[in-house]
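K.L.:
Quick one: the structure is below, and I'll ask about it shortly.
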Amino acid sequence: MDGGRAILLYKSPLIHHHDLHTMKPSPSDYRSDTLTQPTAAMRAAIAAAEVGDDVFGEDPTVNRLQQYVAGQLGKEAAIFVPSGTMSNQIAILGHCQSGDEFLCEAGCHIYNYEQGAFAQIGGVISRTFIGHGGILELSQLQDAIRPDNAHVVRTRLVSLENTHNMAGGRIQPYENVAAICSWARKHDLATHLDGARLYNAVVATGISAADWAQHFDSINICFSKGLGAPVGSILVGSADFIALAHRRRKCLGGAMRQAGVLAAAALYALEHHVDRLDEDHRHARTLGEGIASISGLQLETPEVDTNIVIFNVDDRLSTGEAFVDALAARGVRMLAIGGQRVRAVTHLDVPLENVDDTIAALQACAAQFE
Ligand SMILES: *Cc1c(COP(=O)(O)O)cnc(C)c1O
């Protein structure tokens, strides 16, 4: 171990969990699909990328990515941005003005995990509805549009999340999406999809990205999750909407220069890492079945739709926090997400072959606390 790395070890609480020689996460790190490292082939695509200054619109690889994704989703235009948070917030600020309101599910990422940026930056407020396992029904929203009256905010937008992260990777039923969005359009509400993991829904359902996207005015997709790219998200919509998004991105400091090195990774991911999401889904399903069979652990939703498994640790065993610590001591990492809840996410850096060992480690931890 060289001295530089030793110093890093003391400075960063994150680094001591990694193998210091390769800086790779442990081979059973299920905390998040953001932990994926670019593969050798992806790094080769990054190295070979043709680049230019994207603020001048002259990065050919960024332009190719934007055209490719817009085409695949059946929309006019797209804009590459540094993060899913920026993508979502640019979308909300594009659809809503100060004093406007949007409707969303109570557990969604935009409302819970993006610091309420829409309120901080844009004076926009949110109104949340508790879905059944993260799934909203049109009947919940039908009376939510506020009247045209100076006392109240203006209802402007409906935002959905698919797959739903904190609902255990749940896929929104296609009929619900279609019903909610056609109702929204009829009432002049805009529609946004936080599709951070849209391709997981595409692979799991066989419903194309364009079919999902047709119901929405804007769509965010993340490349840095299960698709395995190091950085980046994309916002897709009409040409006018994306022109406005260019202004917002610049205002937020998100305009990048030779971003083609990042776009090349995203293009590589779209070409090579979409179909393999099915393996992550099989992995998660097997893991879910294992968890369901362990006394003291309970799946939050009985079906595992995609690559996320959320379970509860019985409080006679331990807290979620203590449970994941015990699990880490056995070489398996998962994320405590509050109280008794634990989240496991499958991805391309945790091989499917590990699943039996993972289930054995969970079993041993549960037995240890009995
Ligand atoms: C990760 C995630 C985001 C935000 O992405 P960042 O790149 O981390 O900002 C948005 N929505 C969902 C559902 C996510 O899982």
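The values are calculated or read from the model by the stated rules, or taken from the named source; none is laboratory data. If you're wondering where the values come from, they're calculated on a predicted model, not measured in any experiment. Ideal geometry is used to build each Cβ from the backbone, glycine not excepted, and the neighbour counts take in all protein chains shown.
K.L.:
Would you mind finding the one in SER182, SER218 that is within 16 Å of the ligand (Cβ to nearest atom) and at pLDDT 95 or above?
P.N.:
Numbers: SER182 fails: within 16 Å of the ligand (Cβ to nearest atom).
Matching residue, one of SER182, SER218: SER218.
K.L.:
Which of the residues belonging to segment 140-170 are among the β-branched types (Val, Ile, Thr), more than 13 Å from the ligand (Cβ to nearest atom) and within 25 Å of ILE308 (Cβ to Cβ)?
P.N.:
VAL158
K.L.:
Still on this structure, please answer the following. Among the residues of segment 57-84, what is the count of those that are closer than 14 Å to GLY232 by Cα and buried (at least 21 other Cβ atoms within 10 Å of the Cβ)?
P.N.:
Number of matching residues: 10.
K.L.:
Given VAL313, VAL236, VAL261, which one is closer than 23 Å to ARG170 by Cα, more than 16 Å from the ligand (Cβ to nearest atom) and either of a type in the set (A, V, I, L, M) or out of contact with any Phe, Trp or Tyr (no Cβ under 7 Å at 6 or more places or on another chain) (or both)?
P.N.:
The conditions single out VAL313.
K.L.:
Quick check on my filter: what residues within segment 220-235 are of a type outside the set (S, T, N, Q) and more than 16 Å from LEU93 (Cβ to Cβ)?
P.N.:
Keep residues of segment 220-235 that are of a type outside the set (S, T, N, Q), which gives 221-223, 225-232, 234-235.
Within segment 220-235, ILE221, CYS222, PHE223, LYS225, GLY226, LEU227, GLY228, ALA229, PRO230, VAL231, GLY232, ILE234 qualify.
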